[in-house]
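Notes to accompany the following structure.
The values are calculated or read from the model by the stated rules, or taken from the named source; none is laboratory data. Being a predicted model, the structure only gives us computed values, none of them experimental. Neighbour counts run over all protein chains shown; Cβ positions are idealised from the backbone, glycine included.
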Amino acid sequence: MSVWAILVAAGRGERLGLDQPKAFAKLGEDPLLAEPLRRLDECEWVDAIVLVAPPGWEEPAILLAEELGCGKVAACVPGGETRTDSVRAGLAEVAGDALVILVHDAARPLLDDGVVRRVLAPLSEGWDGAIPGLAVADTLKRAGGDGAVLAPGERAGATAGRQFVLLAAPEHGCASVTQFVGFIPPGRAPDHFHGYDEVVYVLDGEGALHIAGESAPLHAGVCVHLPARLVHCLENTGDGEMRVLGVFRPAGSPAEAYYPDGTVAVVPEGD
């Protein structure tokens, strides 16, 4: 496939307090722009590069590419007022027969081939696009309107050993919707339903969704809508914990569930 990369490097660097664009701040002995430009040029998955430079800095950007020996740079154009404008300017220079367009920000210079490979892989499987991401390992905290920390993102218990962390709920000022991260241990929970619509997006892990005797696979990137009172079950078929991002509307607790006969699902003590 023909893969073009748009390297967006048009940021002004105002938050850094520089007297020059961010792309030309020093990273070691070279301008910041040099590192992602060199890496994309050396990447076996990339066929051509469009460099989006800070307005008025196109010539220094081209000279830098020549100095680095970057033969894949097909065009260099000035960026716009916003990042969207800059990406649009880069898109205008991409060849019409390009099958894939990668967009990368020069402010994140330590790009490796593995990231490019993982982004391209879903496209060969029929997906329209892909975005790289990292699992959050930090402790999450909620803040009020004045910026004060309200509470840590502590886990609470649900049925069958499942746990959740609330991100948004009525008690946090979100009156109509509940958003949470759910943590599902290996295994299958009893069939159940909720009294509200549920949307589940799989963050990581593998499993299956069971409804009315039929099953569908679950993996990272899958999103499903479960209407209110639909009896279902999410099974974690992997060895480790599955994580999902869930939304309830109207708002409701992930711990509130009912078995198919209408009895309340029990949350074990201590969960």
Practice task
Would you mind finding the one in Glu206, Glu214 that is free of Cβ contacts under 8 Å to residues at least 40 places away in the same chain, acidic (Asp, Glu) and touching a Pro at 6+ places or on another chain (Cβ under 8 Å)?
Solution key: Glu206
Exercise for the section: Please identify the pairs in which a residue from the range 100-116 that is at positive phi and in a strand (DSSP E or B) has its Cβ atom under 7 Å from the Cβ atom of a residue that is of a type in the set (Asp, Glu) and surrounded by fewer than 20 Cβ atoms within 10 Å (Cβ to Cβ), counting only partners at least 6 apart or on another chain. Expected result: none
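Looking at the range 67-82, which of its residues are of a type in the set (A, V, I, L, M, F, W, C) and either touching a His at 6+ places or on another chain (Cβ under 8 Å) or crowded, with 16+ Cβ neighbours inside 10 Å (or both)?
Initial filter on the range 67-82 (of a type in the set (A, V, I, L, M, F, W, C)): 68, 70, 73-77.
Residues satisfying the conditions are Leu68, Cys70, Val73, Ala75, Cys76, Val77.
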Handout entry: Test for Leu64: is it without any contact (Cβ under 8 Å) to a residue 40 or more places away in the chain, surrounded by 21 or more Cβ atoms within 10 Å (Cβ to Cβ) and of a type outside the set (Phe, Trp, Tyr)
Key = yes
Problem - Selection from the range 227-255 of residues that are in contact with a Pro (Cβ under 7 Å, 6 or more places away or on another chain) and among the acidic types (Asp, Glu) - result: Asp239, Glu241
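Inside the range 56-94, can you point out the residues that are under 27 Å from the mean Cα position of the chain (by Cα) and either within 18 Å of Arg12 (Cα to Cα) or modelled with pLDDT under 95 (or both)? Reasoning before the result, please.
Step one: list which residues in the range 56-94 are under 27 Å from the mean Cα position of the chain (by Cα), which gives 79-94.
Scanning the range 56-94 gives Gly79, Gly80, Glu81, Thr82, Arg83, Thr84, Asp85, Ser86, Val87, Arg88, Ala89, Gly90.
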Practice task
Determine if the range 189-210 includes at least one residue that is modelled with pLDDT of 95 or more, small (Gly, Ala, Ser), surrounded by fewer than 18 Cβ atoms within 10 Å (Cβ to Cβ) and within 30 Å of Gly129 (Cβ to Cβ).
Solution key: yes
Handout entry: When residues of the range 192-251 are limited to those that are in a loop (DSSP other than H, G, I, E, B) and of a type in the set (Val, Ile, Thr), the one farthest from Ala175 (Cα to Cα)
Key = Thr237
